[in-house]
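Let me begin by presenting the structure, written as structure tokens, before commenting on it.
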Amino acid sequence: MPVQDLYPSRSRTRPAILERQDPVLYNQDFSSAPLSERQLRQYEQDGYLLLPELFSRAEVSRFLAELDRMQHNPSLLASDHAITEPDNQALRSVFHIHQENPLFRKVAADARITDIVRFILNDDLYIHQSRLNFKPGFNGREFYWHSDFETWHVEDGMPRMRALSASILLTDNTDFNGSLMVMPGSHRDYVSCVGETPDNYYENSLRQQTVGTPDNASLATLHQRYGLKSTAAPAGSVLLFDCNLMHGSNGNITPMPRSNLFFVYNALSNRCVAPFCNHSPRPEFLASREQVEPLPLQSLSDRRRVG
């Protein structure tokens, strides 16, 4: 039986701003919450929460060493999982790292993150997507304004807004080197975009997205309603943000690189169905469909730092 499309997009002649039909904070019992009620209410209200320096310097150093090793791996750079900038060969993203890298598989399941995500989504979790994002110094390109859910819904078939992202900062993210900008509260509005999805659109959109991005008028409306906030923070910090939060980042023309680990946690009950664009699903390395493995609960003895 087909799943109802509650968030239509790329099927209209004009853009529209639709009201969110799903909760943000799925669990309202704060008696055993992993964060304070104040923090969780802030996430519910703003659509994001910044946890400063959740990972130690030693852990971050190990992550960076692994990142450097990956950047010099010829077979990885030649694979479909490695995405370069549209106008040069600078590495932009590496996908599917939770399946192919043992260290980052452990990071994805780290209880310091997953305990919070389980509480917010109130369900078992799996990784919908994982990647390393790079913004090298001097020529790191921007990531234009977008809601991740619009793509995950239309192109991957994620039915409802019961997912969130965790961005682990591997370098200091500053207001100068392209830290993420967000519109706090914008997760309550869904921008239905115009423009039909081309076949195999992911092959181009991973380098530069043109379909599924909000129009200027809708962005101006959201900005007027919600304003802008920077999420600049030191390395080791973790930014949690709702799947529908409007966000983007500027290019990096400073000498300081900006690199982040990125994990998308989806509720097991929210597994992807057929895409809502009448095309074939995107490949597994972009959206888990076959390799849906619930993340295990960590025992107290397993809750060791990764460094």
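Just a few scattered comments:
- Its Cα gyration tensor gives the stretch 33-167 an equivalent ellipsoid, and the semi-axes of that ellipsoid, as √(5λ) in whole Å with the largest first, are 27, 19, 15.
- Equivalent ellipsoid semi-axes, the stretch 137-273, via Cα gyration tensor eigenvalues times 5, rooted, Å: 24, 17, 16
- When only Cα pairs below 8 angstrom with a gap of at least 6 residues are kept, the chain shows a relative contact order of 34 percent.
- Every helix of 4 or more DSSP H residues in the chain counts as -39500 (n - 2.57), and over all residues that averages to -6500 deg cm²/dmol at 222 nm.
- Applying Stokes-Einstein at 37 °C and 0.692 mPa s to the Kirkwood radius of the stretch 1-102, computed over alpha-carbon pairs, gives a translational diffusion coefficient of 174 µm² s⁻¹.
- Accessible surface computed residue by residue for the stretch 40-140, with neighbouring protein chains in place and a 1.4 Å probe, gives 41 Å² per residue.
- Converting phi to 3J(HN,Hα) with the Karplus coefficients 6.51, -1.76 and 1.60 and the offset θ = phi - 60°, the stretch 262-267 yields 9, 10, 9, 9, 10, 5 Hz in sequence order, with x at every glycine or proline.
- The magnitude of the dipole of the chain, with charges of +1 and -1 set on the Cβ of Lys/Arg and Asp/Glu and taken from the Cα centre, is near 480 debye.
- Across the stretch 1-125, the relative contact order, built from alpha-carbon pairs under 8 Å that are at least six residues apart, equals 26 percent.
- Per residue, the convex hull spanned by the alpha carbons of the stretch 86-145 comes to 134 Å³.
- Every Cα-Cα pair of the chain was included, and the share exceeding 27 Å stands at 39 percent.
- Of the peptides 284-296, 11-23, the ranking by mean beta-carbon count within 10 Å, highest at the top, reads 284-296, 11-23.
- The C-alpha atoms of the stretch 224-294 occupy a region whose extents along the principal axes are 40, 31, 23 Å, arranged from largest to smallest.
- Positive contributions from Lys and Arg (+1) and negative ones from Asp and Glu (-1), summed over other residues with Cβ under 13 Å from the Cβ of residue 218, come out at 0.
- Solvent-accessible area assigned to carbon and sulfur over the chain amounts to 49 percent, based on a 1.4 Å probe.
- Straightening the chain between residue 65 and residue 4 buys 17.4 nm, computed as 0.36 nm per residue apart minus the Cα-Cα spacing.
The values are calculated or read from the model by the stated rules, or taken from the named source; none is laboratory data. Small disclaimer: the values here were computed from a predicted structure and weren't measured. When we count neighbours, we look across all protein chains shown, and the Cβ atoms used for this are built from the backbone with ideal geometry, even at glycine. Accessible surface areas use protein heavy atoms only, side chains included; no ligands, DNA or RNA. Shrake-Rupley method; radii C 1.70, N 1.55, O 1.52, S 1.80 Å.
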